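The values are calculated or read from the model by the stated rules, or taken from the named source; none is laboratory data. As the structure is a prediction and not an experimental result, all values here were calculated from the model. Ideal geometry is used to build each Cβ from the backbone, glycine not excepted, and the neighbour counts take in all protein chains shown. What goes into the accessible areas is simple: the full protein's heavy atoms, side chains included, and nothing from ligands, DNA or RNA. Shrake-Rupley method; radii C 1.70, N 1.55, O 1.52, S 1.80 Å.
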Amino acid sequence: MHVPVEQLMREIEDDVRQMRRRRLLARGGAAEYRDPAVYEGVDEVLRRAIDARDHDALLLPDLMSGNPDWQLALHLRYASHRPVIGSFLIGVKRRVLLPLTRWLYEFSLENFRRQRRINAVLFACIEELAIENARLREALRREGIQPSAPVAGRGDIPASDAPAS
């Protein structure tokens with residue numbers, strides 16, 4: 001009997017997903033993961049955020065593009081505000097300080113790249129959740145149910161259900 005490769009791959013992925021779910025639960029992961037359907041939904045959203053999103057075309061970084069402080073700067077820049085001895089100081093920095101600190105810079109550079117990747121994935125996750133939230137709100141509206149307006153600082157908890165401050 002010949003099993004199609006796609007089906008075999010799906011079965012392997014399902015097995016890996018179930019092993020990961022059990023491992024997370026054993027380590028004290030979210031109790032909601034006991035429900036396989038909840039875990040599968042979370043896994044699907046996170047996989048979409050990691051695999052299917054173009055991390056260069058996300059809304060959140062675009063909204064934040066006016067603030068240059070949120071992006072990690074990965075290059076060294078030597079400059080001086082001193083007009084007379086500035087070029088001498090820059091030369092000393094490049095010939096003496098740069099070789100002495102190159103190892104630290106290269107070590108940090110890899111960590112910065114890793115952090116940039118994590119930030120991109122988290123932005124994609126937030127966008128996926130926002131898209132899903134917008135779709136659910138639209139589905140509720142089509143059913144004639146008016147979703148509650150988000151309470152500032154509390155997500156989507158309706159004001160009547162929010163705990164007293």
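Laid out as a table, the results:
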quantity: Unique match (being modelled with pLDDT of 85 or more and open to solvent by 80 Å² or more (accessible area, probe 1.4 Å)) among Arg95, Arg77, Arg82, Arg22; calculated: Arg22
quantity: Enumeration of residues in region 95-116 that are closer than 23 Å to Asp62 by Cβ and in contact (Cβ under 8 Å) with a residue 12 or more places away in the chain; calculated: Phe112, Arg113, Gln115, Arg116
